[in-house]
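All of the numbers you see were taken from the coordinates with simple rules; none came from a lab. Nothing here was measured: the structure is a model prediction, and the numbers come from that model. Quick reminder, even Gly has a Cβ in these numbers, built from the backbone with ideal geometry, and neighbours come from all protein chains shown.
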There are 2 protein chains.
Amino acid sequence: MSGFSIRNPERRIESNPFDVDAWNLLLREHQSRPIDQEREFYESLVTQFPNSGRYWRAYIEHELRSKNFVEVEALFQRCLANVLNIDLWKCYIVYVSETKGTIEKYRETMAKTFDFALEKIGMDVLAFSIYQDYIAFLKKVPAIGQYAENQRITAVRRVYQKALATPMHNLDTIWADYCAFEKNINMTLAEKLIAERGKDYQNSRRVEKDLQSMTRGLNRQAVSVPPKGTASESKQVELWKKYIAWEKTNPLGTEEYGQLARRVVYTYEQALLSLGYYPDIWYEAAMFLQEASQTLDEKGDVKLAQALKVECIGLYERAITGLMKESKLLYFAYADFQEEQKKFDAVKEIYNRLLAIEQINPTLTYVQLMRFIRRTEGPNNARLVFKRAREDKRTGYQVFVAAAHMEYNCMKDADVAIRVFKLGLKKYENEPEFGLAYADFLSNMNEDNNTRVVFERILTSSKLPADRQIRIWDRFLDFESCVGDLASILKVEKRRKIAYEEAQKDLGMNHSMLVIDRYKFMDLMPCSGDQLRLIGYDALKGNDTPSTSTSSNPKPVP
Amino acid sequence: MSGFSIRNPERRIESNPFDVDAWNLLLREHQSRPIDQEREFYESLVTQFPNSGRYWRAYIEHELRSKNFVEVEALFQRCLANVLNIDLWKCYIVYVSETKGTIEKYRETMAKTFDFALEKIGMDVLAFSIYQDYIAFLKKVPAIGQYAENQRITAVRRVYQKALATPMHNLDTIWADYCAFEKNINMTLAEKLIAERGKDYQNSRRVEKDLQSMTRGLNRQAVSVPPKGTASESKQVELWKKYIAWEKTNPLGTEEYGQLARRVVYTYEQALLSLGYYPDIWYEAAMFLQEASQTLDEKGDVKLAQALKVECIGLYERAITGLMKESKLLYFAYADFQEEQKKFDAVKEIYNRLLAIEQINPTLTYVQLMRFIRRTEGPNNARLVFKRAREDKRTGYQVFVAAAHMEYNCMKDADVAIRVFKLGLKKYENEPEFGLAYADFLSNMNEDNNTRVVFERILTSSKLPADRQIRIWDRFLDFESCVGDLASILKVEKRRKIAYEEAQKDLGMNHSMLVIDRYKFMDLMPCSGDQLRLIGYDALKGNDTPSTSTSSNPKPVP
């Protein structure tokens, strides 16, 4: 790192836009200049790190120093709901308390602000000062007459109670304050009330201790950047997952499922501030919301159930308009969620938004959309999706395979299926995987001669490089080994050998890599796992192993 | 390493029988003791490293020191043909020349020994001293009369010629000797002969230089040990492969394909002395022998073609009786080779030998044997193989799948296929992969209701752990997504969700891992490759990815 710091931070960011250290250096420079010239910088900062509370706060505080309240207001509007960062929210409270002093309904606004903040981030282990400030604020509210006095006491007591039920640091201070507060009001009543609250307090204190050891090593300040797979990144993910799993065990022992769910959701939100580039965390957060909503529905809490559903939609929207904007996984999960809710138009809109992103290979999306339309609207409309996919230049061969299988498996029409395959073969004769899917289909139908014709067709198209031909020869041989007589097997074997020799000229290819597919059956391999690795078998299977769908697109999208 | 050497070598070998350094320490100790007490040690040494020329030589030289010629003879018998190590062979020549001096036909024996050695290792780049000794030996043979003298000159000249056509170190010495030799015989004839040989010599010298740079870094002394996948191991493999590939380019520019082939085979043999635990090197050596034999056949050199075939069988036998004794890959390749030669009985014997090894999962072997028998003997006998497999307690479910597919695809009888699947399901209802193969089969036949029945059957057997159920639920949902109506889809979806929740209780399982299979189609994935790795998708797919077949055996073989 130290070697890097000699280069100027702009240059570093140019070569790696996620170089957080370089951004921090820049930030320090820009913080000392007038805000009028710095908005462009801050905008690039929060565009690059849209879920970083720290950077939003730096931007806002800079505006605040020049008392640009309109700008500040607009900035809070943009980040507050999405970024549940405790320091950002504390900054918001300070802002409201300092700037709204002159307005008519100041006290009401302030109380609302505090309530809003507590609802959003009151569960945070660092929320102590908010509770403390709120209580201090309430205590200072002038109350004239017994009625008003009683109202104020109730209000203060409510905040104390909420605080004491929350595992957070410095809770002992609030506890001492609370005891003094009650004793000050009514010595005799105090004993009973304190005893009652004491249980909550002890419980929270215990959980706070567990939480502290549970989150040891967790870096809550980390900014979301695309992971590089380093050990320290994995460690953070592991810690967050452990923390979330622990929250799911209901450490507070609450009987209110809603409260438990809220705490878990809050933990997910906190995790996403640092792990915003992990689709699995987004997905699991959404799944949890869905499950929690369902559980609440079953328990009869329709209102909270509905609220969590709305929150779930919010989470999905935040994902696909934010850091996960290219994650098909989250689009599909979102679509499935809406399908479950029978919001079919919403589902279509989700698929269409994904299809509208030019640089994302749309093939898998068309496959999913086609299946969805068949389920909900029937075969004719599903065929229209297939038509639409065919007209999209970015589409890969897989959609033809999906369409053909739909015709055969759902509409039970093998002839149409074969017509779809034939149509596809004209377009994708250089895609061995397409040819193989076609041949597999025919072979499954026991159409042996037609299977042979397809094999011959893809092999004699001759536009395939030798190494890709090999896999087809292996499958052809496999097919003949299964159905053919010895003569036809040997004939294929001989031609395959020539292709092998061609492929061997290509450096790095060797017989062994190529032969393993020939001898394997289902998960049974002719070598040990170690041996396969040594032979480089995985490397060859590049086409089969998980890869970005784009990479398998025959015509790379610009 | 130095930290290790304090422990005594026996202990080290106990914990790692392939600790070559420890064996070397032991060897040094044992070399100073009387051989009578040391045979047990040497036997364990050559058993552990059966293709190490150095260890065989150490054993033999120890016996030689006590003049135990009978034992020495027996040891040479055991190793000489299999271990083409130049130092071992030089030791053999010395042994013959020193011990056979008294026998009647000493000279004839010696000449035969030299000729035999040159045939086997005369191509070695270190063979210089053998040629030199042979020439010196021939020159010393007393020749009385002009005829005998001429015969001797011819014999010497023949060895010179052979040497000069071989790229090896110190060739210039032989060249100078040769020139002197010819000039000594006949000054006028010498010029012509020297000019002729000169071309060979220059050519060999050039190739020897190339060879030297080609093999730089190659450790020919390395003993074969099971690879650990270290960088230095990979480097050696790479160097050997480069060397072999270079020999295949015919660097000597010979027009005799047979000579080229012999050199390549010799290089493979040398590689196998160090890389004896790499099945791919064995396999490629065998493939090369097969191809070379075929090429020679086509060129009309039937004799050498036949010799290489015999050599190929020898190589396979050496592999499967030696370091590759558990490599199914080599057994199968050997069987295929014999099948091509139409040696069907030999094929059966090979499969039977593999099946006889108790600790090797026989499932894949039965699958291959069944297919072979169907090809060569027809369906009835193939069914007998299936019967035999069923009676073997070690057999896994895959053989039922193979048999069912054979019935359907080859015998075109779907009813029998389904009977096979039904039979299998009774035995393997806890094998989700078997159930899935059955369901896939039915689904391919558009037997929707029966497919559902199978899904229900495997899912309600309930003996499956939650994580394994998930994959079946995904496939069930996939099936319904494809053929079912919305109601049946949602019904499956709901039940799947419960299974998901169960699976999640199992630590380390998460929704994301499980959902990817649901959204993928063919090679299209809903996430980027990097994301999949981060999510740990590969790890979950443990069941699908290459593994030793033993690990997937439901009932581990003792």
### Tail fraction, Cα-Cα pairs, segment B:1-74, threshold 17 Å, whole percent
43
### Message
Please compute the Kirkwood hydrodynamic radius of chain A from all pairs of different C-alpha atoms, in Å with one decimal.
### Response
28.7
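In square nanometres, what is the average projected area of the Cα convex hull of segment A:325-381? Each step should come with its number before you reach the end.
Details: hull surface 14.5 nm².
It is 3.6 nm².
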#### Entry: Unit Cα scatterers, Debye sum, segment B:181-273: log10 I(q)/I(0) for q = 0.12, 0.16, 0.20 Å⁻¹
-0.53, -0.76, -0.98
#### Entry: Base-10 log of normalised Debye intensity for segment A:146-233 (one unit scatterer per alpha-carbon) at q = 0.13, 0.22, 0.23 Å⁻¹
-0.56, -1.05, -1.11
#### Entry: Intensity falloff of segment A:95-157 expressed as log10 I(q)/I(0), Debye formula with alpha-carbon point scatterers, at q = 0.27 Å⁻¹
-1.23
### Query
If you rank B:HIS62, A:HIS30, B:HIS169 by fewest surrounding Cβ atoms within 10 Å, what's the result?
B:HIS169, A:HIS30, B:HIS62
#### Entry: Given charges at beta-carbon only (K, R positive; D, E negative), |dipole| of segment A:286-429 in Debye
640
### Message
What's the minimum Cβ distance from chain A to the axis relating it to B, in whole Å, and which residue gives it?
### Response
A:ASN444, 2
### Task
Would you work out the charge dipole size for segment B:35-182 about its Cα centre, treating the Cβ of every Lys and Arg as +1 and the Cβ of every Asp and Glu as -1, and quote it to the nearest 20 debye?
400
### Query
For label points placed 7 Å from Cα toward Cβ, what is the shortest-first list of nm distances from B:SER488 to its copies?
3.5
### Query
If you put a point 7 Å past Cα along the Cβ direction, how far is that point for A:ASN150 from the same point in each other copy, in nm, smallest first?
14.3
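With viscosity set to 1.002 mPa s and temperature to 20 °C, compute the Stokes-Einstein D of segment A:291-362, Rh being the Kirkwood radius across alpha carbon pairs; µm²/s, no decimals. Provide the component values of the computation, followed by the final result.
Details: Rh = 12.9 Å.
Calculated translational D: 166 µm²/s.
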### Query
Dipole of segment A:422-465 (Lys/Arg Cβ +1, Asp/Glu Cβ -1, origin at the Cα centre): which of A:PHE455, A:LEU442, A:LEU423 lies farthest to the positive side?
A:LEU423
### Listed residue (B:LEU75, B:GLN151, B:LEU171) projecting farthest to the positive dipole end of segment B:66-212, Cβ model
B:GLN151
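To make sure I understand, if each residue's beta carbon is the centre and we count other beta carbons within 10 Å, what order do A:SER15, B:SER224 fall in, fewest to most?
Values: A:SER15 10, B:SER224 20.
Starting with the residue having the fewest Cβ neighbours, the order is A:SER15, B:SER224.
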### Query
Mind checking the angle between helix B:146-164 and chain B's longest principal axis? C-alpha axes, 0 to 90 degrees, to the nearest 10.
40
### Task
Taking chain A as the reference, fit the longest principal axis to its C-alpha atoms, fit the long axis of helix A:344-355 to the helix C-alpha atoms, and give the angle between the two in degrees, 0 to 90, nearest 10.
70
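Can you pick out the pairs among A:LYS325/A:LYS393; A:LYS393/A:LYS427; B:LYS328/B:LYS348; A:LYS120/A:LYS183; A:LYS328/B:LYS520; A:LYS494/B:LYS412 whose Cα atoms lie more than 20 Å from each other?
On the way: A:LYS325/A:LYS393 22 Å; A:LYS393/A:LYS427 11 Å; B:LYS328/B:LYS348 14 Å; A:LYS120/A:LYS183 31 Å; A:LYS328/B:LYS520 10 Å; A:LYS494/B:LYS412 27 Å.
Long pairs (Cα-Cα over 20 Å): A:LYS325/A:LYS393; A:LYS120/A:LYS183; A:LYS494/B:LYS412.
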### Query
How long, wide and thick is segment B:295-442, going by the Cα atoms along their three principal axes, in whole angstroms, largest first?
55, 33, 22
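Cα-Cα over 24 Å: which of A:LYS139/A:LYS209; A:LYS105/A:LYS139; A:LYS299/A:LYS342?
Working: A:LYS139/A:LYS209 30 Å; A:LYS105/A:LYS139 17 Å; A:LYS299/A:LYS342 22 Å.
With Cα atoms farther than 24 Å apart: A:LYS139/A:LYS209.
Treat the count of other C-beta atoms within 10 Å as a stand-in for reagent exposure and order B:ILE144, A:ILE489, B:ILE185 from fewest to most.
Numbers: B:ILE144 7, A:ILE489 21, B:ILE185 15.
The fewest-first ordering by Cβ neighbours comes to B:ILE144, B:ILE185, A:ILE489.
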### Task
With only Lys, Arg, Asp and Glu charged, each at its Cβ (+1 for the first two, -1 for the last two), find how big the charge dipole of segment B:129-284 is about the Cα centre; round to the nearest 20 debye.
180
#### Entry: Projected-area average for segment B:221-341 over all orientations - Cα convex hull basis, square nanometres
7.6
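Taking GluC sites (Glu not before Pro) as candidate sites, keep only those in a DSSP loop with at most 10 other Cβ atoms within 10 Å, then name the longest stretch of chain A containing none of them. Present the calculation step by step, with values, prior to reporting the outcome.
Numbers: sites that count: A:GLU104, A:GLU255, A:GLU358.
So the longest stretch without any such site is A:359-558.
Where the convex hull is taken over the Cα atoms of the protein assembly as shown, what is its projected area averaged over directions, in nm²?
The orientation-averaged projected area of the Cα hull of the protein assembly as shown comes to 59.8 nm².
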### Query
So what's the angle, to the nearest 10 degrees on a 0 to 90 scale, between helix A:432-444 and the longest Cα principal axis of chain A?
70
## Note on the structure
Copies of B:LYS412 compared via label points 7 Å along Cα→Cβ give distances in nm, shortest first, of 2.3
### Summary
dims of segment B:353-430, Cα set, principal axes, largest to smallest, nearest Å -> 35, 34, 14
### Query
Which value in Å is the Kirkwood Rh of segment A:1-152 over different Cα pairs?
17.6
